[in-house]
Amino acid sequence: MYTEKVMDHFTNPRNVGQLENPSGVGEVGNPTCGDIMRIYIDVKDNVIQDIKFKTFGCGAAIATSSICTEMVIGKTIEEALELTNKDVASALGGLPANKMHCSNLAADALHEAIKDYKNKSEQG
Amino acid sequence: MQQVYMDHGATTPLHPEVIAVMTDVLTNHYGNPSSVHAWGRDAKKRLEEARTSVAKLIGAQPEEIFFTSGGTEADNMAILGVAKGLEKKGKHIITSAIEHHAVLYPCEVLKKAGYDLTILPVDDQGRVRPEDLALALREDTVLVSIMHANNEIGTLQPIAELARIAKERGVLFHTDAVQSVGKIPVNVNELGVDLLSFSAHKIYGPKGVGALYIRRGSRILPLTHGGGQERRRRPGTENLPGIVAFGKAAEIAQRDLTAEADRLTKLRDRLIDGLTAIPEVRLNGHRTERIPTNVNVSFRYIEGESLLLSLDLKGIAASSGSACTSGSLDPSHVLLAIGLSHEIAHGSLRLTLGRINTEDDVDYVLREVPVVVERLRSMSPLYNQK
Amino acid sequence: MQQVYMDHGATTPLHPEVIAVMTDVLTNHYGNPSSVHAWGRDAKKRLEEARTSVAKLIGAQPEEIFFTSGGTEADNMAILGVAKGLEKKGKHIITSAIEHHAVLYPCEVLKKAGYDLTILPVDDQGRVRPEDLALALREDTVLVSIMHANNEIGTLQPIAELARIAKERGVLFHTDAVQSVGKIPVNVNELGVDLLSFSAHKIYGPKGVGALYIRRGSRILPLTHGGGQERRRRPGTENLPGIVAFGKAAEIAQRDLTAEADRLTKLRDRLIDGLTAIPEVRLNGHRTERIPTNVNVSFRYIEGESLLLSLDLKGIAASSGSACTSGSLDPSHVLLAIGLSHEIAHGSLRLTLGRINTEDDVDYVLREVPVVVERLRSMSPLYNQK
Ligand SMILES: Cc1ncc(COP(=O)(O)O)c(C=O)c1O
Ligand SMILES: Cc1ncc(COP(=O)(O)O)c(C=O)c1O
Ligand code: FES
Ligand code: FES
């Protein structure tokens, strides 16, 4: 069902947890299945310095969360905003057709976290 | 690594005696039961012997047993077949909210075709209330279909009482007994049902064969048409190896029923006690009115598929009512019907015991599940660490 | 006594390699393909490998193969499923006079439900005339169902030509290929058919499993409703051992097809020549446009069941289109459709060859049949002894 890469990220998820004073937090619920993901980012000089996630969801949701954090750490905000759920899925070597919707979680939560960061920095 | 199969509700490993019988038929008894010659007569004899064994398991007469390709076909045959057969009498059907899709979906198809459908609710332990059935019955009701044991939460329905209420009003009663046959005593006359579905692969027989019991005199039309097999109610060359194996599985189930039920009830109760000691967990289904093989619990804050994958990595086979495993992306309709929220339904775990499980398996599961639950909770955005 | 099984048209003995594979699945691969865990994934993988093997045998894509419980269910699914699916388009169906009951009866059921049914006649060798099909097609025709090889007389239909005529008019074409698959090359694209039924137990696989090929994009509704198996077109826990065995049988059939067809054609022709040397006998079906395995002759003045019983006493398994063996008490509709009188149809004998038959078997049959025919004729009031 899942690729080895998916199972690797599921078994040893990277960057699980939360940040003490994040620059931005994004949380999304998957409208299709009701699963939930929260992402914390720490941004300095327009670059994502640190990132953590927490996910309530299926194997694909956890694996996409994990790889997504790996893919954007050290990237600029603009680069991170270009990440799509398809990029995430293909980085995992693909997802089963009925699991494609799961990969929306990670990309959407990341985008929410960036939006939150932008709002905060505009206000601040 | 230890391998623990606790998904007997999904399907069971064949009993070694069943494999032996089936291999013998596959190898040596290949005749078509419809043929006139020696090969055919031999096949026919074995077919009818198997019918007798299968009938005995549920206290029926052999001529009331109609072999099908499994539980799904038996359920569809009962519902669509009775609906067609009694079209002139009426177009109202009653079922429950926790039926298997093999019952619910044909009922919904009938609804789309203009039938009235009443779906009875269940209480928080998954039981239909007899008074609800009494109120739902109408002049034009042609069939009541309520399952004997639920496949997800294991709850047993008061079928004898429900069937009596239907009978008083002259309405045919069908029960899906796929999950109860072979696990607890099932007798069509004591239950008072007119139709009953069951399936070989849930009782250590092969996949691809099941049966519908049809009480003599019940009006029902076939779903398919062709040769004269199964007295025209279910045409097609009979699956002889599967049917003979089903017969053997039925004999073994009957022989071992009491001893196995006792043994498995003890294992089940140990599992329930051990798992419900984990914080923020609930048992789904009735505590005592449940089949000896079923354990179903929900863990707050975690999701079922992740749980299954984690257990799989430990060699444990289980299932879940989580949306993420269902294909339909909605959490189990059964768990919602007993009042669980979407979120809690998501975190459900079903362990179903069988003849290959031991005390040792239970120990292993009780050791591993808490570890996995803790790990997943620590990753969950819903879990407030204290 | 010599034992000669010449009833492969009724069913075939399993190939030893098929038995081996099936026993392995029965013993070691009991998972449910829908389960998430290791046992389930293993089962799913085997299911899809088998689908690929079965698809290859008929030149289809794996996702165009839908497993059923046999040929009868595949035929019913094709006819009733397309009729339901295209209800809005029209209610006219075309079939032929020599179809198997698994096609004819669902068509007749549709007729009773208000459909128009055209039954095309056949010539005296059992062939449908393409011009008859062209004339029968109407605006509201939704399906043409004409079998590839007839089960009684072995005649092959010009399917590619017939399917082309239907296609030109935008009408779906189904063929019952239960008797041709595995015996002659069958390719859904060369034939140009949209639906094709076949059955494992006719190609040295197990009873209780078959398949319907559905060309991508063809509109068809399921007969039964339940779980998500076979992409909802055919729900129910998959008959994994049967399906994997079907896959193996398909591989072997493809591998051995040419050699076996050549070998059996020779045996068949020896049988035909030998039997038609008996006085007052006729060959039924086409002399050359017939499957390599089928011999069907009618002996005047004698009745089929007596003939079968007499041969059975000599260890020979055969079949007949006699009323006395059909259950319905009417002689074979196929023999009547090719113009035989009731009396001659009664005296028909079908010998169907297979992989276990040898030259020696043919010798034995050619020695015994004349003796039996002579004995029965000497008892017949219709026979004018000279
Ligand atoms: C209660 C119930 N009914 C029906 C079925 C369907 O049986 P089968 O898979 O043999 O078609 C199942 C098995 O999944 C079941 O648990
Ligand atoms: C031409 C034809 N169609 C359909 C069938 C039915 O197949 P099954 O017996 O596998 O249901 C048969 C076999 O008897 C057949 O010969
Ligand atoms: S995120 Fe819910 S099914 Fe994958
Ligand atoms: S005389 Fe017996 S069936 Fe014809």
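For the stretch A:3-38, what are the residues that are of a type in the set (D, E, K, R) and in a loop (DSSP other than H, G, I, E, B)? Don't jump to the end; show me each part of the working.
Initially, the stretch A:3-38 is screened for residues of a type in the set (D, E, K, R), giving A:4-5, A:8, A:14, A:20, A:27, A:35, A:38.
Passing the criteria: A:Arg14, A:Glu20, A:Asp35.
Would you confirm whether or not the stretch C:337-355 contains a residue that is more than 25 Å from the chain's Cα centre (by Cα), more than 16 Å from ligand 3 (Cβ to nearest atom) and in the same structural domain as C:Leu283 (by TED's automatic domain parsing)? I'd like the intermediate steps shown before the answer.
Within the stretch C:337-355, the subset more than 25 Å from the chain's Cα centre (by Cα) is C:343.
Remaining after also requiring more than 16 Å from ligand 3 (Cβ to nearest atom): C:343.
Checking which are in the same structural domain as C:Leu283 (by TED's automatic domain parsing) leaves us with C:343.
Looking for residues that are more than 25 Å from the chain's Cα centre (by Cα), more than 16 Å from ligand 3 (Cβ to nearest atom) and in the same structural domain as C:Leu283 (by TED's automatic domain parsing), one finds at least one in the stretch C:337-355, hence yes.
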The correct count of residues that are open to solvent by less than 20 Å² (accessible area, probe 1.4 Å) and on the phi > 0 side of the Ramachandran plot in the stretch B:58-88 is 1
All conditions in (1) over 30 Å from C:Asp262 (Cα atoms); (2) out of contact with any Phe, Trp or Tyr (no Cβ under 8 Å at 6 or more places or on another chain); (3) not in a helix (DSSP H, G or I) are true of C:Val297 except (1)
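If we keep just the residues of the stretch B:334-356 that are polar (S, T, N, Q) and in contact with a Ser or Thr (Cβ under 6 Å, 6 or more places away or on another chain), which is nearest to the other protein chains (Cβ to nearest Cβ)?
The initial filter retains those residues of the stretch B:334-356 that are polar (S, T, N, Q), namely B:341, B:348, B:352.
From what is left, the residues that are in contact with a Ser or Thr (Cβ under 6 Å, 6 or more places away or on another chain) are B:348, B:352.
Details: B:Ser348: 13, B:Thr352: 11 Å.
Filtering the stretch B:334-356 for residues that are polar (S, T, N, Q) and in contact with a Ser or Thr (Cβ under 6 Å, 6 or more places away or on another chain), the one nearest to the other protein chains (Cβ to nearest Cβ) comes out as B:Thr352.
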Going through the stretch B:61-78 in order, the residues found to be at the interface with chain C (Cβ under 9 Å from one of its Cβ atoms) and under 11 Å from B:Leu143 (Cα atoms) are none
Given the conditions (1) touching a residue at least 60 places away in the same chain (Cβ under 8 Å); (2) touching a helix residue (DSSP H, G or I) at 6+ places or on another chain (Cβ under 8 Å); (3) open to solvent by less than 50 Å² (accessible area, probe 1.4 Å), every one holds for A:Gly94 apart from (2)
Among B:Ile278, B:Ile316, B:Ile344, the single one that is among the β-branched types (Val, Ile, Thr) and in contact with a Pro (Cβ under 6 Å, 6 or more places away or on another chain) is B:Ile278
Considering every residue within the stretch A:114-124, establish whether at least one is facing chain B (nearest Cβ under 9 Å) and more than 16 Å from ligand 3 (Cβ to nearest atom). no
A:Met1 meets each of (1) open to solvent by 50 Å² or more (accessible area, probe 1.4 Å); (2) within 8 Å of chain B (Cβ to nearest Cβ) with one exception, condition (2)
- Yes or no: C:Ala55 open to solvent by less than 30 Å² (accessible area, probe 1.4 Å), touching a Leu at 6+ places or on another chain (Cβ under 7 Å) and either part of a helix (DSSP H, G or I) or facing another protein chain (nearest Cβ under 10 Å) (or both)? no
Practice item. Please tell me if B:Leu135 is more than 16 Å from ligand 1 (Cβ to nearest atom), in the same structural domain as B:Phe198 (by TED's automatic domain parsing) and open to solvent by less than 70 Å² (accessible area, probe 1.4 Å). Key: no
The one condition B:Arg300 fails out of (1) surrounded by 24 or more Cβ atoms within 10 Å (Cβ to Cβ); (2) in contact (Cβ under 8 Å) with a residue 40 or more places away in the chain; (3) within 11 Å of chain A (Cβ to nearest Cβ) is (1)
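Mind listing just one residue for me: the one in the stretch B:91-103 that is open to solvent by 10 Å² or more (accessible area, probe 1.4 Å) and assigned to a loop (DSSP other than H, G, I, E, B) and, of those, farthest from B:Glu64 (Cα to Cα)?
As a first pass, look at the stretch B:91-103 and keep what is open to solvent by 10 Å² or more (accessible area, probe 1.4 Å): B:91, B:97, B:100-101.
Of the ones still in play, those that are also assigned to a loop (DSSP other than H, G, I, E, B) are B:91, B:97, B:100.
Values: B:Lys91: 25, B:Ala97: 28, B:His100: 23 Å.
Step by step, filter the stretch B:91-103, then rank; the result is B:Ala97.
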Filtering the stretch B:11-51 for residues that are in contact with a Phe, Trp or Tyr (Cβ under 9 Å, 6 or more places away or on another chain) and either among the β-branched types (Val, Ile, Thr) or within 16 Å of ligand 1 (Cβ to nearest atom) (or both) leaves a count of 5
Residues of the stretch C:265-297 being charged (D, E, K, R) and either within 16 Å of ligand 1 (Cβ to nearest atom) or free of Cβ contacts under 8 Å to residues at least 24 places away in the same chain (or both), in sequence order, are C:Lys266, C:Asp269, C:Asp273, C:Glu280
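With respect to A:Ile41, determine if the residue is buried (at least 24 other Cβ atoms within 10 Å of the Cβ) and not in a strand (DSSP E or B).
Values: buried (at least 24 other Cβ atoms within 10 Å of the Cβ): yes; not in a strand (DSSP E or B): no.
Judged against the criteria, A:Ile41 is not a match.
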Those residues of the stretch C:1-33 that are in a helix (DSSP H, G or I) and among the charged types (D, E, K, R) come to a total of 2
(1) away from every other protein chain (no Cβ under 14 Å); (2) under 12 Å from C:Gly247 (Cα atoms) all hold for C:Arg46 apart from (1)
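I need the full set of residues from the stretch B:353-383 which are of a type in the set (A, V, I, L, M) and open to solvent by less than 60 Å² (accessible area, probe 1.4 Å), in order please.
First, the residues of the stretch B:353-383 that are of a type in the set (A, V, I, L, M): B:353, B:356, B:362, B:365-366, B:369, B:371-373, B:376, B:379, B:382.
Passing the criteria: B:Leu353, B:Val362, B:Val365, B:Leu366, B:Val369, B:Val372, B:Val373, B:Leu376, B:Met379, B:Leu382.
Would you kindly identify the helices (runs of 4 or more DSSP H) lying entirely within the stretch B:313-352 that contain at least 2 residues that are more than 15 Å from ligand 1 (Cβ to nearest atom), at pLDDT below 95 and among the hydrophobic types (A, V, I, L, M, F, W, C)? Reasoning before the result, please.
Numbers: elements: B:323-326, B:333-337, B:342-346.
Ranges flagged: B:323-326, B:342-346.
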Restricted to the stretch B:232-255 and to residues being open to solvent by 50 Å² or more (accessible area, probe 1.4 Å) and farther than 14 Å from B:Val54 by Cα, the residue nearest to the other protein chains (Cβ to nearest Cβ) is B:Arg232
Pairing a residue in the stretch C:211-228 that is farther than 23 Å from C:Val178 by Cβ and within 16 Å of ligand 3 (Cβ to nearest atom) with any residue that is assigned to a loop (DSSP other than H, G, I, E, B) and modelled with pLDDT under 95, where Cβ atoms lie under 7 Å and the two sit 6 or more apart in sequence or on different chains, gives C:Gly228/B:Gly327
Only unsatisfied item for B:Tyr204, checking (1) surrounded by fewer than 22 Cβ atoms within 10 Å (Cβ to Cβ); (2) out of contact with any strand residue (DSSP E or B) (no Cβ under 9 Å at 6 or more places or on another chain); (3) in contact (Cβ under 8 Å) with a residue 24 or more places away in the chain, is (1)
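Can you tell me how many residues within the stretch A:47-63 are within 7 Å of chain B (Cβ to nearest Cβ) and surrounded by fewer than 24 Cβ atoms within 10 Å (Cβ to Cβ)? Reasoning before the result, please.
Taking the stretch A:47-63 first, the residues within 7 Å of chain B (Cβ to nearest Cβ) are A:54-59, A:62.
Subset that is surrounded by fewer than 24 Cβ atoms within 10 Å (Cβ to Cβ): A:54.
Total satisfying the criteria: 1.
Each row is one residue, and each column tells you yes or no for (1) under 17 Å from A:Ile41 (Cα atoms); (2) modelled with pLDDT of 90 or more.
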residue	(1), (2)
A:Glu82	yes, yes
A:Asp87	no, yes
A:Ser90	no, yes
A:Gly93	no, yes
A:Ala97	no, no
A:Asn104	no, no
A:Ala109	yes, yes
A:Glu112	yes, yes
A:Lys118	yes, yes
Per the filter on the stretch C:104-131, residues more than 12 Å from ligand 2 (Cβ to nearest atom), in a helix (DSSP H, G or I) and buried (at least 18 other Cβ atoms within 10 Å of the Cβ) are C:Cys107, C:Val109, C:Leu110
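The values are calculated or read from the model by the stated rules, or taken from the named source; none is laboratory data. All of these numbers come straight from a predicted model, not from anything done at the bench. We place every Cβ from the backbone using ideal geometry, glycine too, and count neighbours over all the protein chains shown. Heavy atoms of the whole protein, side chains included, go into the accessibility calculation; ligands, DNA and RNA do not. Shrake-Rupley method; radii C 1.70, N 1.55, O 1.52, S 1.80 Å.
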